[in-house]
Structures are given as C-alpha cells and as structure tokens.
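Colleague: There's a structure below that I have some questions on.
The values are calculated or read from the model by the stated rules, or taken from the named source; none is laboratory data. Please read all numbers here as calculations on a predicted model, not as lab measurements. Using ideal geometry, Cβ is built from the backbone for each residue, glycine included, and neighbour counts are taken over all protein chains shown.
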Amino acid sequence: MSELWEHDFKCADHIDVPKWIEQDITPYTVASIVQGGCASGAYMPAVTYWQARDTMNEHGDNVLQFIEDSYGELPQPDKGESWSGMAVFYLSVGVELWASGAESELGDVIETLASEEGGA
C-alpha cells in the first residue's frame with residue numbers, strides 16, 4: 001500500500017470506479033481511506049450529510065447491493081439513526097469496502113506503469 005501514497009492519477013483511468021464514488025479519486029485518497037476510514041476525513045463526500053444523502057438518493061440501490069454482495073447481508077446502523085446518518089453509514093461502508101478491494105488493483109496498476117516507464 002505504501003506506493004499508493006506517492007500517486008495522484010485518477011483511479012478511473014485504470015480501474016473500475018463505481019458511479020457513487022467521485023471519479024477523480026486518486027490512489028493517495030484510496031490509501032487514506034484504507035488507513036483511516038471515511039470518518040477520518042479521508043473521503044468527505046461519504047461523511048458530509050448533504051453529500052451522502054444526495055449520493056444515496058441517486059445511487060443508493062447500487063451502494064446497498066455492493067455492500068450486500070460483499071458481506072452477504074447489510075450491516076445495521078445504530079438504533080435511532082437519522083436518515084442522513086443512515087446515508088453516511090451506508091455510503092461510508094460502501095466506499096471503505098471498495099477502497100480495500102481497489103488497493104491491490106491499484107498496486108498492480110502502479111507496478112505495470114513503473115515497468116512500462118522502465119522499459120521505455
């Protein structure tokens with residue numbers, strides 16, 4: 001993962017980035033999400049209530065399906081959570097799951113890019 005911190009290219013230029021994640025996300029941001037989670041401030045669109053609500057309004061079914069496909073079921077937010085809090089909870093879970101999978105894919109991309117630069 002350490003090599004991810006050194007790169008700021010758009011992940012979407014090399015791997016599949018779901019539409020519910022900002023398309024200009026970089027390996028640096030992915031490394032930050034993996035290390036500290038969305039709540040650490042690594043990915044503010046997942047923890048800012050209005051952004052999370054808007055994203056879940058547009059892509060919520062896909063986010064929930066991604067989580068369910070990954071876990072086999074949906075984790076439950078805290079009892080009494082607000083609608084906005086639920087949007088933050090589920091979007092954060094989805095983004096963190098995607099980032100953990102993208103970490104190894106991006107490592108492979110970086111290795112390929114380095115070998116292409118070395119071979120040029």
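Colleague: Considering each of ALA39, ALA87 in turn, give the residue that is in contact with a Ser or Thr (Cβ under 8 Å, 6 or more places away or on another chain), of a type in the set (A, V, I, L, M) and modelled with pLDDT under 95.
Modeller: ALA39
Colleague: Something else now. Taking the criterion of being under 11 Å from the mean Cα position of the chain (by Cα) and more than 24 Å from SER82 (Cβ to Cβ), would at least one residue in the stretch 32-43 satisfy it?
Modeller: yes
Colleague: Whether any residue in the stretch 1-11 is modelled with pLDDT under 95 and under 15 Å from LEU91 (Cβ atoms) is what I want to check.
Modeller: Scanning the stretch 1-11, I find no residue that is modelled with pLDDT under 95 and under 15 Å from LEU91 (Cβ atoms), so the answer is no.
Colleague: Also, quick follow-up: Could you give me the residue pairs with C-beta distances under 9 Å whose first residue belongs to the stretch 58-85 and is farther than 16 Å from ALA46 by Cβ, whose second residue is part of a loop (DSSP other than H, G, I, E, B) wherever it lies, and which are 6+ apart or on separate chains?
Modeller: GLU68/LEU74
Colleague: Same structure again: Mind checking whether some residue in the stretch 93-116 is outside any helix (DSSP H, G or I), touching a helix residue (DSSP H, G or I) at 6+ places or on another chain (Cβ under 9 Å) and polar (S, T, N, Q)?
Modeller: no
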